[in-house]
Amino acid sequence: MSGATSGSAAPVLILEGNGDGHRFYYVRLLADAILAEGKRPVLVTRPGQMASPQAAEFLDGLPSAFTTIEVARADVRSASRLAERTGAERIVIPDGDLHLVSLLTRRGRALPHATALVMREPDLRRGQPLRPLARQWLKRITMTLAGMRRSTTVTVLKSSVWAGRSRFPVAQDPVTLAASPRDVEELRTRWGLDGGRRWFAVVGAITARKNLPMVAEAFARVADEGMGFVVGGAVLDGQLAEAEPHLAEARRRGARVLVVDRMLEDVELDAAIGAVDCVVLAHSNEGPSGILGKAVMSGTRLILAGAASLRRDAEAVPTHATWTPLGVEQIARAIEDASRAERPAAVPDMGTSRFTSALL
């Protein structure tokens, strides 16, 4: 246990055993909201997670009322036992997808209420292979049955620009900008993003789902001396090696290519989004994108491709985003169009309360 729970305020357990990606960002937002309610946030996580770069980025600076408990298995059973021991009446699970079956099958007389956030809502579109579609239906059924229990609330994560109806309670993807206008200008200077070019970017944690090689090939097809391309963030799954021939072709055609292959700190990521002219999100899978909301707030144009969820997002913010099918030719055409388009207006702060209030 790191830090001891103290004081009379009721603790609220946040179960998150994996700090990768944006999970500890969600933990930070929840912890701030819990503290604002006069309660004590207690993070239940696996050993070693608090030594991660994500913990340093998102959880440093929280007051001493925020404490952590490390357990070998950061699961629902462990969190329920800790809730009984600490007097917590609520468990919040930011990455609830992993725990749906446990929430459905847990037993006990006085179970603490658990709110689970499903970050990857089931994709039930027709036309998928039978086995993946069956898995998605099984997930939907499990969500429904778990949500019918009095001790459990199942909430789904939707885009920051989502509007509509849902079978489940909705938490909208929180959007914050850590970068000031000065941070944006300093990054432009440091990275050499000269104003004489139109800059396109793929940023964040760049896994295979973001299709960097496809985007790079599309950019290379229309690249010229008036354009630039930024790859900003840790590139995984061999994506950079696969994209490199296309990046080389873009350079040959006169475009400037910048690759920053490492985890970007929060301020740096937000500054990069604000510094470029257009961010490209070409996703193979469904689900909301925090980068999309940041781009809308920054007044940065978006090219969205692939996922049906991104298509709905483009329809919600047509002044900022266009959607295209996931293909080299289609993305290349969208890049060419965006290179001639005016920069959209920045949108006022979209806030985080829609996210935290849905879970707390």
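A few remarks follow.
- Pick from the range 171-180, criterion in contact (Cβ under 8 Å) with a residue 60 or more places away in the chain and either of a type in the set (Ser, Thr, Tyr) or surrounded by fewer than 17 Cβ atoms within 10 Å (Cβ to Cβ) (or both), ranking: nearest to Leu281 (Cα to Cα): Thr176
- So Glu121, is it part of a loop (DSSP other than H, G, I, E, B) and either acidic (Asp, Glu) or crowded, with 21+ Cβ neighbours inside 10 Å (or both): yes
- Restricting Gly61, Gly21 to residues that are free of Cβ contacts under 8 Å to residues at least 24 places away in the same chain, at positive phi and either surrounded by fewer than 22 Cβ atoms within 10 Å (Cβ to Cβ) or assigned to a helix (DSSP H, G or I) (or both) narrows the list to Gly61.
- Of all residues in the range 85-104, exactly one satisfies the criterion of being among the hydroxyl-bearing types (Ser, Thr, Tyr) and more than 18 Å from Thr155 (Cα to Cα), namely Thr86.
- Candidates Ser298, Ser284, filtered to the one that is in contact (Cβ under 8 Å) with a residue 60 or more places away in the chain, buried (at least 20 other Cβ atoms within 10 Å of the Cβ) and polar (S, T, N, Q): Ser298
- Close pairs from the range 248-259: first touching a residue at least 40 places away in the same chain (Cβ under 8 Å), partner part of a helix (DSSP H, G or I) and surrounded by 14 or more Cβ atoms within 10 Å (Cβ to Cβ), Cβ under 7 Å, at least 6 apart: Leu258/Trp191
- The set of residues in the range 161-170 being surrounded by fewer than 21 Cβ atoms within 10 Å (Cβ to Cβ) and either of a type in the set (D, E, K, R) or part of a loop (DSSP other than H, G, I, E, B) (or both) consists of Trp162, Ala163, Gly164, Arg165, Ser166, Arg167, Phe168, Pro169.
- Residue match in the range 256-266 (condition: farther than 30 Å from Arg182 by Cβ and either in a loop (DSSP other than H, G, I, E, B) or not assigned by TED's automatic domain parsing to the domain that holds Tyr25 (or both)): no
The values are calculated or read from the model by the stated rules, or taken from the named source; none is laboratory data. Fair warning: this is a prediction, and the values are worked out from it, not measured in the lab. Neighbour counts run over all protein chains shown; Cβ positions are idealised from the backbone, glycine included.
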